Structures are given as structure tokens and as C-alpha cells.
Amino acid sequence: MELLKARERPELLTVLELLNKRMTLPYLEKQHLTIMSKGFDGEVLLDSLMERSISTTIIVINDLSLILGSTPFQIDSILLTSDALYLYEVKNYQGNFTNQNSHFLTASGQDIDNPVNQLNRTAMLLSKVLKKWNVNLPIKSFVVFIHPSFILYEAKNSDPFIFPSQIEYHFTTMSRQSGTLTDRIYSIAQELIKECQQELPYQRQFPSYSFEELKKGLLCSRCGSFDLVVTTKKGDCRACGTSTPINELFLSQVEAFKILFSDKLITSKKMYEWCGEMLTKRRIAALLNATYEKTSYAKSTHYR
Ligand SMILES: [Zn+2]
């Protein structure tokens, strides 16, 4: 398989995860974090299954954000074989669901939109994009249910669903059937990547937060607990028992700070505060000196 565009962890997901450890996120943001995190895990799992099952030259483009006119849409994965374009919408639903055509019913009686609706919309928009380019390639679209515990009652044979136990077979069969890729297929792939948007207009904005309101301290690298016994060499987590070298604990928090506060300077004073005064200023300066490039501005030292 030829991976022309790899999946990247959404920046919003990283930021929400970091914030979640250091503040109480508003309900909607917290919910958004759970959904995003689960969705991303599902997509990453699909990537690994594809990699394992596809043995011939098939082009893979992951995580594509496109705009047609003023309508933005997102595609989890596109595969290009010699004779078709495959479009995948990944769902990481867990447990039992019942198919009621326009919607799914969860075991607890909750209604959710049938993902086919979203899939059809995406396929329709993508086909319009291809038509604009005079590309006549059949689009085969599927919803992939990735979680092994997912069960859908009353699914029909004609539904464009791929269930957990069918995923590998789906890709190995495709792999066997695809012929040599023409230059035309490669140029369509390049065109799609070129059209990919960095950010879609509807994408959720970051929550507001400030340095002052975030909880300060070093965090366990495994479970995220602040409950650490810190010595000069390491930090031992009281919650999960993990022992992590102190420089690792410290540097991961400097990186977190850089992501959360890209506009702020990294100084040893700031890092002393950020790490909850759990390390001496001297130690912090030494660790920063050893890892980052030192620059001076208006008599103060900062790092990048
Ligand atoms: Zn821990």
C-alpha cells in the first residue's frame, strides 16, 4: 500500500487532553474530548488493519478535509485502486445497536443518526468534486465499525457496512483484485491532497484558558496523576506505581506548556511555576540548558 497522506492527531484533541489534566473542562468540551478521542483511536486502529491487510499497490489518503463551493466535508479514509475510489467513514461504537433505517437505537434506548446518512452526503459531495475534474471513477463507500464489541441488529445485506470481523477480509480481497495503478490514478490522488484544507470553517474553537487557572505540577507519564513522590532522579506515582526519570517528567511538561501557550516564552522562572515548584530553579535551568536553544531578550534568558 502507498500511504500518500498519513493521519495526524488533531491539535484540538491534544490541547483538550492537556487541559483536561489541569482544569475542569466545561461539560461540552469534556464531551467533545471523549468523542474525538474515541473517534481518533478508531481511525488509528483502521490504519493499522489496512497496513496489515493490504499487500499490493493501493493508494491510501487519510483524513481529508475538502470544500465544495461553501460546503465543507471530511473524509476519514480514501483508498484508490486500479478501478475504483473507496471511501470510508469510521465509527468506533461499542456494544449493541438496532438498525431502524434512518437511525440507530442504542441498548439504552438512545437514538443516534444512522451513519449512512453522513456517508451518503460525503459520497455525493466527493462525486461532485470528481465530476468537476472530469474524473469518471466509481465511488464505493462504506461505514466501518471498528470496535470488536459492536453488534448491529437488523442490518441488511445491502447496507454499506463493514463489521469488525469483516475488515481484514475486505482489504485482503481488494488487495487481490486491484491491478496496476495508472498515472491517472496517481494524479487524482495528488489532486485530492492538493485540495485538502488545513482547517474547516466549522471546526470547533479552542476553549478559553489561562496560565493562572491551570493546575501546576508534574504529572505521572502513565496515568496523569499529580500525586508524585519526587526525588532528584525520579518521580514515583502514588496512584499507579510508575517510576519516571525526572528529566522525562519535566521535559514532557515543557512540551505541554509549548503546545498550550505557544505565545509565551519559556523561562526557568515560568517552568518553576508550571511544575508546581517541585524542582529547584537550578535544576530546571540545567535541564532547559541541556535540551533547548538558549536565547536572550531584554536581559532575560528564555528557551526554544
Ligand atoms: Zn501514575
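Within region 134-154, is even one residue more than 16 Å from the ligand (Cβ to nearest atom), of a type in the set (D, E, K, R) and in contact (Cβ under 8 Å) with a residue 60 or more places away in the chain?
no
Considering each of I246, I284 in turn, give the residue that is farther than 16 Å from C220 by Cβ and surrounded by 15 or more Cβ atoms within 10 Å (Cβ to Cβ).
The conditions single out I284.
Which of the numbered conditions does K264 fail, given that it passes all the others? Conditions: (1) within 16 Å of the ligand (Cβ to nearest atom); (2) assigned to a loop (DSSP other than H, G, I, E, B).
(1)
Within region 231-256, work out how many residues are in contact (Cβ under 8 Å) with a residue 12 or more places away in the chain, within 13 Å of the ligand (Cβ to nearest atom) and more than 28 Å from the chain's Cα centre (by Cα).
Residues that pass the stated criteria total 3.
Considering only region 171-189, how many residues are within 27 Å of the chain's Cα centre (by Cα) and either assigned to a loop (DSSP other than H, G, I, E, B) or free of Cβ contacts under 8 Å to residues at least 40 places away in the same chain (or both)?
Result for region 171-189: 1.
Which one of L85, L45, L119, L80 is at pLDDT 95 or above, surrounded by 15 or more Cβ atoms within 10 Å (Cβ to Cβ) and in contact with a helix residue (DSSP H, G or I) (Cβ under 6 Å, 6 or more places away or on another chain)?
L80 is the lone residue from the list that is at pLDDT 95 or above, surrounded by 15 or more Cβ atoms within 10 Å (Cβ to Cβ) and in contact with a helix residue (DSSP H, G or I) (Cβ under 6 Å, 6 or more places away or on another chain).
Against the condition part of a helix (DSSP H, G or I), among the acidic types (D, E) and either within 30 Å of T182 (Cβ to Cβ) or not assigned by TED's automatic domain parsing to the domain that holds F145 (or both), how does E43 come out, does it pass?
yes
Got a number for residues in region 206-230 being within 14 Å of the ligand (Cβ to nearest atom) and without any contact (Cβ under 8 Å) to a residue 40 or more places away in the chain?
Residues in region 206-230 being within 14 Å of the ligand (Cβ to nearest atom) and without any contact (Cβ under 8 Å) to a residue 40 or more places away in the chain: 7 in total.
Report whether or not L66 is in contact with an Asp or Glu (Cβ under 6 Å, 6 or more places away or on another chain) and in a strand (DSSP E or B).
Yes; evaluated as a whole, the condition is true for this residue.
The values are calculated or read from the model by the stated rules, or taken from the named source; none is laboratory data. If you're wondering where the values come from, they're calculated on a predicted model, not measured in any experiment. Every residue, glycine among them, receives a Cβ derived from its backbone with ideal geometry; neighbour counts consider all protein chains shown.
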